[in-house]
Amino acid sequence: MIKILLDECLPKKLKYRVEELDPDFDVTTVPEMNWAGAKDGPLLSKAEKDFDIFITSDRNLSFQQPIQNSEIHVFLLIAPTNIYEDLLPLIEKLEPVIKNYESGQFSKIK
């Protein structure tokens with residue numbers, strides 16, 4: 001089972017599309033964890049205790065946080081906007097990279 005946390009800046013509907021990729025993907029959103037509004041540093045610290053992967057569209061995250069020192073793999077979705085329709089084409093690209101994730105890594109999905 002690969003535990004995945006979706007950032008609150010992503011549409012909640014993406015959770016279901018990521019879950020459909022593989023039955024071993026266990027996806028939770030930041031609001032479901034009651035962590036909405038948490039700053040990036042504390043959020044990643046909390047997330048790395050319970051999750052393997054953090055998916056976001058926050059382009060500043062890699063500049064603000066030392067991801068290489070964490071126990072979580074961060075995936076940055078890069079789309080023209082943060083709306084569901086723009087992010088959806090990136091979801092299919094996630095399956096192979098999620099299956100080969102490594103702790104402390106940062107990956108851009110375009």
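Cβ contacts < 6 Å: first residue closer than 13 Å to Val18 by Cα and in contact (Cβ under 8 Å) with a residue 12 or more places away in the chain, restricted to the stretch 71-89; second residue of a type in the set (D, E, K, R) and not in a helix (DSSP H, G or I), any location; separation 6+ or different chain. Result?
Tyr84/Lys13
Would you pick out the residues in the stretch 65-97 that are of a type in the set (Asp, Glu) and either surrounded by 19 or more Cβ atoms within 10 Å (Cβ to Cβ) or at pLDDT 95 or above (or both)?
Glu85, Asp86
Taking the options Asp26, Asp7, Asp40, Asp52, name whichever one is charged (D, E, K, R) and at pLDDT below 95.
Exactly one residue qualifies, and that residue is Asp40.
The values are calculated or read from the model by the stated rules, or taken from the named source; none is laboratory data. None of the values given here were measured: they were computed from a predicted structure. Glycine gets a Cβ as well: all are built from the backbone with ideal geometry, and neighbour counts include every protein chain shown.
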